[in-house]
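Comments concern the structure below.
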């Protein structure tokens with residue numbers, strides 16, 4: 001037995017998730033992630049289940065944010081498709097949206113009846129503040145893997161300025177910046 005084969009390995013690659021694991025994981029995520037599911041998705045996918053690395057998650061989320069539709073929905077489909085093909089994509093998507101859809105319908109009925117109650121209005125104002133905090137925490141966690149990629153940092157900063165400060169339209173901004181990012185990454189990393 002040589003030294004290389006005797007050395008212990010600290011990295012264990014988990015088995016790809018089953019269709020059932022994709023469904024139940026995204027079902028749980030959909031049930032606990034009201035209003036701020038993306039930070040919880042990252043925690044489940046990267047930290048808890050270790051299905052993707054931080055960098056893989058950030059790259060996949062970047063693609064999902066560029067595509068039309070909800071980021072977390074795109075992410076669930078992409079992860080399901082990555083591991084188990086179309087059946088995995090369907091299982092992830094249905095798991096993610098089934099219970100929350102039912103809950104939203106029930107809450108909509110309740111809200112319709114009590115929307116003028118000041119306590120209900122205060123409740124929703126508090127929920128909005130909590131959701132903003134979750135988004136800030138998620139932005140920080142997504143940005144951390146980019147700290148070693150100067151091109152990505154510059155593109156992220158340009159995107160923030162274009163959208164948040166200059167209020168440029170999202171689609172043209174994303175098309176220009178995605179093209180610029182692809183070109184710059186190809187140019188400086190090849």
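The values are calculated or read from the model by the stated rules, or taken from the named source; none is laboratory data. All values derive from a computational prediction rather than experimental measurement. Cβ sites come from the backbone with ideal geometry, for glycine too, and all protein chains shown count toward neighbours.
Within region 50-64, restricting attention to residues that are touching a residue at least 12 places away in the same chain (Cβ under 8 Å) and surrounded by 15 or more Cβ atoms within 10 Å (Cβ to Cβ), which residue is nearest to residue 19 (Cα to Cα)? Step by step, filter region 50-64, then rank; the result is 51. In region 96-103 there is at least one residue matching the filter, namely being without any contact (Cβ under 8 Å) to a residue 40 or more places away in the chain and either farther than 26 Å from residue 52 by Cβ or in a helix (DSSP H, G or I) (or both). From the list 80, 35, the lone residue that is more than 10 Å from the chain's Cα centre (by Cα), more than 18 Å from residue 152 (Cβ to Cβ) and at pLDDT 90 or above is 80.
The residues on offer are 137, 132, and the sole one that is part of a helix (DSSP H, G or I) and out of contact with any helix residue (DSSP H, G or I) (no Cβ under 6 Å at 6 or more places or on another chain) is 132. Filter region 155-174 down to the residues that are part of a helix (DSSP H, G or I), out of contact with any helix residue (DSSP H, G or I) (no Cβ under 9 Å at 6 or more places or on another chain) and modelled with pLDDT of 90 or more and list them by number. Once the filter is applied, which keeps residues that are part of a helix (DSSP H, G or I), out of contact with any helix residue (DSSP H, G or I) (no Cβ under 9 Å at 6 or more places or on another chain) and modelled with pLDDT of 90 or more, region 155-174 yields 157, 160, 161, 164, 165, 172. Among residues that are in a loop (DSSP other than H, G, I, E, B), in contact with a helix residue (DSSP H, G or I) (Cβ under 8 Å, 6 or more places away or on another chain) and within 20 Å of residue 146 (Cβ to Cβ), residue 38 is not included.
Taking the stated definitions as given, is residue 145 in contact with a helix residue (DSSP H, G or I) (Cβ under 6 Å, 6 or more places away or on another chain), touching a residue at least 24 places away in the same chain (Cβ under 8 Å) and closer than 30 Å to residue 172 by Cβ? It is true that residue 145 is in contact with a helix residue (DSSP H, G or I) (Cβ under 6 Å, 6 or more places away or on another chain), touching a residue at least 24 places away in the same chain (Cβ under 8 Å) and closer than 30 Å to residue 172 by Cβ.
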